[in-house]
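Have a look at the structure below before the remarks.
A short reminder: the numbers here are calculations on the coordinates, not readings from a lab. On a predicted model such as this, the values are computed, not experimentally measured, just so you know. Ideal geometry is used to build each Cβ from the backbone, glycine not excepted, and the neighbour counts take in all protein chains shown.
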Amino acid sequence: MTDKLVYVLNGPNLNLLGLREPEIYGTQTLDDIAGMLEDRALELGIEIDMRQSNHEGHLVDWLHEAQAQGAHAVLLNAAAYTHTSIALFDAIKAITTPVFEVHLSDPHTRESFRHLSYVGMAAKETFQGHGAQSYVLALEAAAKL
Ligand code: DQA
């Protein structure tokens, strides 16, 4: 049986994880998180395709691609675009592939401009505030679908 394909999409500044505000985001790099997710994915019989971009349109294109490729689900940490992007809201609504919102931190306990999530309004479920573990919890939820 072929593994279920799950896209793991990461938005702006997440390429700097490990260096970036470690008191908020921890010291793991995005590659560390990818390794951790790969291990769990293997156990769950899931194949992951993990990507990062600092450009909003790339994230929109990859959401469309996930649908076209027949992906089982998408994990999306849209980073700051979470709070600004109606284009991402529309893209999530435009596809039937279930999208899980992921955040390392808990935006609701931070600045008020992070309390609004366009991604969360369209996503199936949100996992936030658990550091890198938020990705693992979202992957486990995706595996159960
Ligand atoms: C983040 C939270 C966002 O508010 C922020 O803009 C990020 C990272 C998180 O994973 O905690 O860049 O998505």
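Here the stretch 5-143 is treated with +1 on each Lys and Arg Cβ and -1 on each Asp and Glu Cβ, and its dipole about the Cα centre works out to around 340 debye. By the helix-only formula, in which each DSSP H run with n ≥ 4 contributes -39500 (n - 2.57) and the sum is divided by residues, the chain has a 222 nm mean residue ellipticity of -11500 deg cm²/dmol. For the stretch 1-110, the residue among LEU14, THR27, THR84 whose Cα projects farthest onto the positive side of the dipole built from Cβ charges is THR84. Charge tally around HIS58: other residues with Cβ under 14 Å, Lys/Arg +1 each, Asp/Glu -1 each, net -3. In order along the stretch 78-89, the Karplus-derived 3J(HN,Hα) couplings, from 6.51 cos²θ - 1.76 cosθ + 1.60 at θ = phi - 60°, round to 7, 6, 5, 5, 3, 9, 10, 9, 6, 4, 6, 4 Hz, and Gly and Pro are given as x. Relative to the 2.2 N^0.38 Å rule of thumb, the chain has a C-alpha radius of gyration ratio of 0.96. Mean sequence separation of contacting Cα pairs (under 8 Å, at least six apart), scaled by the length of the stretch 16-145, corresponds to a relative contact order of 23 percent. Connecting C-alpha atoms closer than 10 Å in a GNM of the chain, tell me which of ALA68, ALA87, ALA79 has the biggest fluctuation. Of the options given, ALA68 has the highest mean-square fluctuation.
With 0.36 nm allotted per residue and the present C-alpha distance subtracted, the ASP39-ILE86 stretch has 13.6 nm of extension available.
When the Gaussian network model of the chain links Cα atoms closer than 10 Å, the mean-square fluctuations of ALA94, ALA73, ALA41 top out at ALA94. Once the Cβ-Cβ distance of HIS130 and ARG110 is raised to the sixth power relative to R0 = 22 Å, the FRET efficiency obtained is 0.90.
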